[in-house]
Amino acid sequence: MTGSRGEQETRALAITDTMPRTGLRPGVRLVLLSFVMLFVELALIRWTGSNVLHLSYFSNFVLLGSFLGIGIGFLRAHRERDLFPYSLPALAVLVAFVRFFPVEIEGAGSDLIFFGTLETSGPPRELVLAVIFVVVAATLAFIAEGVARAFVQFEPLEAYRLDIVGSIAGIVGFTALSFLRAPPLAWGIVAGLVLLVAHRPRITVLQVGALAALLVMLGLETFAAGASWSPYYKVTVDEEPAPFVRVNGVPHQAIFETDENSLYSRVYQSARPASLDNVLIVGAGTGNDVATALEQGAGHVDAVEIDPRLHELGTELHPDKPYADPRVDVHIDDGRAFLERSDERYDLILFALPDSITLVSGQSSLRLESYLFTQEAMESARDHLGPDGVFAMYNYYVEQWLIDRLAGTLEEVYDRPPCVDASEGLGRLSFLFASEDPGSVRCATASPASVESAPEPATDDHPFPYLRERTLPVFYLVTIALILLVSIVAVRAASGPLGQMASYADLFFMGAAFLLLETKNVVQFALLFGTTWVVNALVFAGVLLSVLAAVEVSRRLSFKRPARLYLVLLAALVVSFAVPSERLLSLPIGLRFVAAVVLAFTPIFLANLVFTQRFKDVGSSASAFGANLLGAMVGGLLEYGALVVGYRMLLVLVAVLYGLAFVLGRRHLTGSPVPASA
């Protein structure tokens, strides 16, 4: 194995001499620092996206910057100069940049659509993303250096165990604040006070001043007029002359009396089922479509809205009070997940302006509504229609090719062209209607969309309806290249020669593979159980618990033939690949959950057994862990490959990366004659 127990102890003693005497036990300090590191990462992903629209769609830029910074912080653990004291000032600088140079609206490209396309205000996109990437990396590098200096005081697996415990606490803490819909001031207080405690007793005037500035800036945002926070957005409301809702700075919904806007009633000019006894509205929002359905004579309405705050605003502000009507049942849920769990039949199913303006998580390209617009989702909606039921959807679709894609998808599902009522200008406002009963849709013409030349339908494996072709847009390619270049330069400048990571190349590839595996599981659970923040938080917690379980096994057991773990991991990946996620949708919810957990977390657990068996005897735990984290950053870049090949094929790439790790780390797979270790 690389290094010896004596070398580890010598390094730990050297670092211990430079550690501040905080009054905290070393283990408690490591858990606390690991908590704040993950907590700040999650908070930045959420908060920056609410102020810089680019990051609502590219939030993994913050994740990539975080991994780069954390990797650099760990590689610097043995340097004499400690940069951890600058973590609070760096965090304050980042918040100041976002607060004083926000970007509120961004236009769309012709090949990749971003809704909310009005006019841009603020610095250019390229400058904003570059600055945020660098400053996020610097902030997390400073925090991670504090974690790393505590990390190396322990044997590698003990340090990793404590780090995972702290990370789980970070997930729980952030989830609790999301549940409470806490404003940014709350996470600023938590992060700032924990960082200040970790600096004791060497707290400086600079750190206190940085904390004060941080809380003042976040406080001004928190107490701004009309501002509130949902689990997904920063929500602001202008109540004059009529209530108007913005999310993350983007105009999102106006609240009208039913007879004040004819837009909502246009659905019923073409959708003409025999009755409206049962209606489903996905994207119910503040209630305009619900109020219109009731006015049109709906006997019952299932109103599905993913964001609880938007529903609350509709309850409070809508003049017609549709959510108070006894005919309405409200479901705070993901629309696709609701369809998959429901056995109801509807006379009308309406997808009403469901554009989320945000991503499912900080590490995927999946938007909250992506699984609503796949061919499988349209088939699920069709299966919930009554004999003469009508499916309808409308939005400002921006590009003609997107209208063509949706029309083509509906033609595939219903075996006839849909009715498309399209308006020129005004963001291409378009209504699409389909039914298995031609008499239930009254349309002057069949689909005016160019269905024959339409882009292929989005699918559950390739859920990117707003991406025109299976390709990486030029903006992504340029950005990925720049991130790699900046990362190489930053690692070399901040942590010295890259040669110190050469002996940990296998851990680097393990990091890349694991990030892809984790991302695949995030999107798989989003499909099976919904794109809600609760599902997302539970998946991340499950991943960390699987990691912790692998650590506990490796602390107690050394495998005589660790190479065989790679074979077992490969077998688990093959099984996961052989069972597409969409097949599990037909299972009852309980059985679906069990199957999903087994298929998703078995490879996670085995991958971490591979990692921990290798990591337990490394010579420099900080350098080894830093290499692993930098690999995870590369895995985050490789995730964009799903735009081309779909998410299922990522498992093939995962297998290739673990194969490279096996080849490069083969000399470490000699096994141990000791069957158990303390």
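We did not get these values from a lab; they are worked out from the coordinates using the rules stated. Owing to the predicted nature of the structure, the values given are computational and were not obtained by experimental measurement. Reconstructed Cβ throughout: ideal geometry from the backbone, glycine too, with neighbour counts over all protein chains shown.
At a Förster radius of 56 Å, what calculated FRET efficiency corresponds to the Cβ-Cβ distance of ALA505 and ASP259, to the nearest 0.05? E between ALA505 and ASP259, to the nearest 0.05, is 0.25.
Backbone amide hydrogens, once placed in the peptide plane, bring ALA254 within less than 5 Å of VAL245, excluding anything fewer than 5 places away on its chain. Karplus-based coupling profile of the range 348-355, in residue order and whole Hz: 9, 10, 10, 8, 9, 6, x, 10, with θ = phi - 60° in 6.51 cos²θ - 1.76 cosθ + 1.60 and x standing for Gly or Pro.
Within 14 Å, Cβ to Cβ, of TRP229, how many net charges do the neighbouring residues add up to if Lys/Arg are +1 and Asp/Glu are -1? Can you show the working numbers first?
On the way: positive: ARG46, ARG181, LYS234, ARG246, ARG309; negative: GLU221, ASP307, GLU312.
Around TRP229, the surrounding residues sum to +2.
Only one residue of PRO85, PHE61, HIS462 has its Cα farthest out toward the positive end of the dipole of the chain, where Lys and Arg carry +1 and Asp and Glu -1 on Cβ, and that residue is PRO85.
Computed FRET efficiency, Cβ-Cβ of ALA242 and ASP329, R0 22 Å: what is it to the nearest 0.05?
The pair ALA242/ASP329 has a calculated efficiency of 0.25.
Only Cα pairs under 8 Å and 6+ residues apart enter the sum, and on that basis the relative contact order of the chain stands at 17 percent. Of the chymotrypsin sites (Phe, Trp or Tyr not before Pro) in the range 141-200, not one is in a loop by DSSP (not H, G, I, E or B) with at most 15 other beta carbons within 10 Å. The ARG202 and ALA225 beta-carbon pair, evaluated with R₀ = 45 Å, returns a calculated FRET efficiency of approximately 0.65. Listed by chain and number, the lysines whose alpha-carbon sits under 19 Å from that of LYS560, ignoring those within fewer than 8 places in the same chain, are LYS616.
Determine the shape class of the range 547-651: with a ≥ b ≥ c the square roots of the Cα gyration tensor eigenvalues, call it rounded for a/c under 1.5, and otherwise prolate if a/b is greater than b/c, oblate otherwise. Here the range 547-651 falls in the oblate category.
A crude spin-label estimate for the pair VAL216 and VAL652, with each label 7 Å from Cα along the Cβ direction, gives 5.7 nm. Taken about its Cα centre, the range 264-355 carries a charge dipole of roughly 280 debye when the Cβ of each Lys and Arg holds +1 and the Cβ of each Asp and Glu holds -1.
Could you tell me whether the range 161-278 comes out rounded, prolate or oblate from its Cα gyration tensor? Rule is a ≥ b ≥ c as square roots of the eigenvalues, rounded for a/c under 1.5, then prolate if a/b exceeds b/c, otherwise oblate. Cα axes put the range 161-278 in the oblate bin. Screening the chain for DSSP H helices whose Cα atoms reach 27 Å or more along their own axis and whose mean Kyte hydropathy is at least -0.5 gives 26-51, 125-151, 156-179, 474-495, 505-529, 533-556, 589-615. Computed extension length for ALA549-VAL644: 30.8 nm, one decimal, from 0.36 nm per residue of separation with the Cα-Cα distance subtracted. Taking amide H atoms as placed 1.01 Å from N in the peptide plane, the amide H of VAL390 lies under 5 Å from those of LEU348, ILE349, each 5 or more residues away in sequence or on another chain. Full extension of the chain between ALA571 and ARG341 yields a length gain of 79.7 nm, computed as 0.36 nm times the residue separation minus the alpha carbon distance.
This model, with +1 at the C-beta of Lys and Arg and -1 at the C-beta of Asp and Glu, gives the chain a dipole about its Cα centre of some 4160 debye. Within the chain, DSSP assigns beta bridges of which about 55% are antiparallel (rounded to the nearest 5). Length available on full extension from ARG181 to SER586: 0.36 nm per residue minus the Cα-Cα distance, which gives 142.4 nm. Loop-located chymotrypsin sites (Phe, Trp or Tyr not before Pro) across the range 202-271 with a Cβ neighbour count of 12 or fewer within 10 Å are PHE223, with loop assigned by DSSP. Determine the shape class of the range 183-230: with a ≥ b ≥ c the square roots of the Cα gyration tensor eigenvalues, call it rounded for a/c under 1.5, and otherwise prolate if a/b is greater than b/c, oblate otherwise. Oblate is the answer for the range 183-230, as a/c is 1.5 or above yet b/c matches or exceeds a/b.
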